[in-house]
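The structure under discussion appears below in the form of structure tokens.
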Amino acid sequence: MTAELIDGKAYAARVREKVRERVAALSAETGQSPGLAVVLVGQDPASEVYVRSKGKQALEAGMKSFEHRLPANTREAELLELIERLNEDPLVHGILVQLPLPAHLDPRQVINTISPVKDVDGFHTTNVGMVGTGQDAIVPCTPLGCMMMLRHYHDDFRGKTALVIGHSNVVGKPMGRLLLNADCTVMVAHKSSTNIPELARLADIVVVAAGVPGLVKADWIKPGATVIDVGINRIPAPEKGEGKHRLVGDVDFENVRKVAGAITPVPGGVGPMTIACLLANTLSAYCHLHQLPDEPLLLDEQDPS
Ligand code: NAD
């Protein structure tokens, strides 16, 4: 068996198109387009790339993009003041503070200063608690993207078993909660778990977000299982030339794809869906703030599979 490739790039293009269409219609109706404010503190090169990409894609979706770049030595009080101004700004519907923050800033305090209704990353304690108790809330972008792709392969999670590897607040924990909210039977493993291969062999769905290249092996996978690889790891690629790198996921892709039923590649799997879901969350926040109906953005039969 060779697994079907889950084309995250094509799904993401479809989500962005749906967002763009809805933004155009709603902006024509209200005379105002959704606004996304992205705050970057310091000059982390990877964060710079993410922030540029988020701003560009927001503009392409017909949204307004506001970038706030602050020096690495910004005092916490200054950052919190900026967030409070953005909370009050009627042109801003979504606020995102790019993580990681410089070490002297407390990410929990910073994130919890964002108004929960503008917290388009879904990291505010209120949104985390609401998702955890199965209420409607802003869901973190990466697990939201994984769920959208999984729903395309599993229209019903009841009776299915999932293993989530990784229990970070950004990916693993919300992923587990979303699957549980969908009545999936969920196991969550992490670096202190000692029996991951055995747990994985029970799973119809494996989602891995560990940051360990090639962690998930072919003999861990139940034949036909759906495998979602969230990991993004930069490893040396001497075959591309001296000092060159390439991106790989947390799955031993070439071998796992011979056993799995469907699998996301890295790159081109979960990554593109994350920013597409940020746009979807910004649109939802805008609808909520303007008391407009917010239809869930689902991928449908016409979408790529
Ligand atoms: P993190 O470092 O916060 O958490 C890693 C998790 O993996 C922890 O729960 C840890 O216990 C677990 N873990 C580590 N080593 C393990 C092992 N050997 N076996 C089992 N579990 C292990 O990382 P994160 O922010 O959740 O990100 C995880 C990976 O996903 C990284 O590669 C990151 O770059 C990637 N990521 C990708 C996207 C995307 O859009 N595709 C978004 C966020 C994170």
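The values are calculated or read from the model by the stated rules, or taken from the named source; none is laboratory data. Note that the structure is a prediction, hence the values are computed from the model and not measured. FYI the Cβ positions are ideal-geometry reconstructions off the backbone, even for glycines, and counts take in every protein chain you see.
The rows are residues; the columns are (1) in contact with a strand residue (DSSP E or B) (Cβ under 6 Å, 6 or more places away or on another chain); (2) free of Cβ contacts under 8 Å to residues at least 12 places away in the same chain.
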{"position": "Gly132", "(1), (2)": "no, no"}
{"position": "Cys141", "(1), (2)": "no, no"}
{"position": "Phe157", "(1), (2)": "no, no"}
{"position": "Ser168", "(1), (2)": "no, no"}
{"position": "Asn195", "(1), (2)": "no, yes"}
{"position": "Asp204", "(1), (2)": "yes, no"}
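Mind listing whichever residues of the range 161-179 are more than 6 Å from the ligand (Cβ to nearest atom) and touching a helix residue (DSSP H, G or I) at 6+ places or on another chain (Cβ under 7 Å)?
Ala162, Leu163, Val164, Pro174, Met175, Arg177, Leu178
Could you give me the residue pairs with C-beta distances under 7 Å whose first residue belongs to the range 25-39 and is within 12 Å of Cys287 (Cβ to Cβ) and among the β-branched types (Val, Ile, Thr), whose second residue is at pLDDT 95 or above and surrounded by 23 or more Cβ atoms within 10 Å (Cβ to Cβ) wherever it lies, and which are 6+ apart or on separate chains?
Here the result reads none, with nothing in the range 25-39 linked to a residue that is at pLDDT 95 or above and surrounded by 23 or more Cβ atoms within 10 Å (Cβ to Cβ).
Picking from Gln57, Gln98, which residue would you name as being surrounded by 19 or more Cβ atoms within 10 Å (Cβ to Cβ), farther than 30 Å from Val188 by Cβ and within 14 Å of the ligand (Cβ to nearest atom)?
Gln57
Looking for something within 16 Å of the ligand (Cβ to nearest atom) and modelled with pLDDT of 95 or more - is there at least one such residue anywhere in the range 280-295?
Checked the range 280-295: at least one residue is within 16 Å of the ligand (Cβ to nearest atom) and modelled with pLDDT of 95 or more.
Does Glu67 satisfy the condition of being in a helix (DSSP H, G or I), at negative phi and surrounded by fewer than 21 Cβ atoms within 10 Å (Cβ to Cβ)?
No: the conditions fail for Glu67.
Go through the residues of the range 265-288 one by one and say whether even a single one is in contact (Cβ under 8 Å) with a residue 40 or more places away in the chain, touching a strand residue (DSSP E or B) at 6+ places or on another chain (Cβ under 7 Å) and in a loop (DSSP other than H, G, I, E, B).
There is at least one residue in the range 265-288 that is in contact (Cβ under 8 Å) with a residue 40 or more places away in the chain, touching a strand residue (DSSP E or B) at 6+ places or on another chain (Cβ under 7 Å) and in a loop (DSSP other than H, G, I, E, B).
Could you list, in sequence order, all residues of the range 202-241 that are within 14 Å of the ligand (Cβ to nearest atom) and either basic (Lys, Arg) or at positive phi (or both)?
Gly211, Gly214, Lys217, Arg234
Can you confirm whether Val259 is part of a loop (DSSP other than H, G, I, E, B) and either touching a Pro at 6+ places or on another chain (Cβ under 8 Å) or buried (at least 22 other Cβ atoms within 10 Å of the Cβ) (or both)?
yes
Could you please let me know if Glu76 is in contact (Cβ under 8 Å) with a residue 12 or more places away in the chain, acidic (Asp, Glu) and surrounded by fewer than 19 Cβ atoms within 10 Å (Cβ to Cβ)?
For Glu76, the condition - in contact (Cβ under 8 Å) with a residue 12 or more places away in the chain, acidic (Asp, Glu) and surrounded by fewer than 19 Cβ atoms within 10 Å (Cβ to Cβ) - is met.
Can you name every residue in the range 242-279 that is among the aromatic types (Phe, Trp, Tyr) and either under 14 Å from the mean Cα position of the chain (by Cα) or within 9 Å of the ligand (Cβ to nearest atom) (or both)?
Across the range 242-279, there are no qualifying residues.
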